[in-house]
Amino acid sequence: MICGPNIRPTSSRFLRRRPRLPVAAVVLLSMLSGCQQRPANDSSRAAAQTTAAETATEADLARACERRSADACLRLSHYLVLRGAERETVNALLDRACDLGHPGACSAVAEALIGGSRGRTRDVARGAALLERACGGGDGRACRERDDLRAGAP
């Protein structure tokens, strides 16, 4: 079933944007919105298999983080935040991702340190150093925040 430009109600992109609906509701909504049912072709099957293969479980992310994947550590921290994990656990994963060189993680840690938020003690000097590191890693937002911090903006 294809609705609009390449959005299928069963695709992960569709499900992330909308709450899960019972299958009958999806079919009814598709019929009412004028969506047409078409048999899946080889390329759409391949795309669905790729999406399924790319979906990592919590255990997979934890193993990859232990193997020094900065991206996996950051993704696992986001996943755990959504599950309501302890701040200490999430902060440790963000610290690890930053230590492994992920600019986005360094920016997130810096923001929390500068603001004294997310269970972190306020430490502007360390936060500024992490913003510098994130900026050097290509995080444009970190560069702007660093420049604001230097200029004394709140």
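The values are calculated or read from the model by the stated rules, or taken from the named source; none is laboratory data. Here the structure is a predicted model, which means the values were calculated and not measured. FYI the Cβ positions are ideal-geometry reconstructions off the backbone, even for glycines, and counts take in every protein chain you see.
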Scanning the stretch 71-111 residue by residue, the ones that are over 16 Å from the mean Cα position of the chain (by Cα) and under 14 Å from Cys135 (Cα atoms) total 3
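Would you check if Arg144 is more than 24 Å from Ala59 (Cα to Cα) and not in a helix (DSSP H, G or I)?
Working: more than 24 Å from Ala59 (Cα to Cα): yes; not in a helix (DSSP H, G or I): no.
Taking the combined requirement at face value, the residue does not satisfy it.
Results for (1) of a type in the set (A, V, I, L, M, F, W, C); (2) more than 22 Å from Val124 (Cβ to Cβ), shown as yes or no for each residue.
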{"position": "Ala62", "(1), (2)": "yes, yes"}
{"position": "Ala70", "(1), (2)": "yes, yes"}
{"position": "His78", "(1), (2)": "no, yes"}
{"position": "Ala97", "(1), (2)": "yes, no"}
{"position": "Leu100", "(1), (2)": "yes, yes"}
{"position": "Val109", "(1), (2)": "yes, no"}
Result of the Cβ filter at 6 Å on the stretch 91-119, keeping first residues that are not assigned by TED's automatic domain parsing to the domain that holds Arg144 and aliphatic (A, V, I, L, M) and partners that are part of a helix (DSSP H, G or I) and crowded, with 22+ Cβ neighbours inside 10 Å, at least 6 apart or interchain, is none
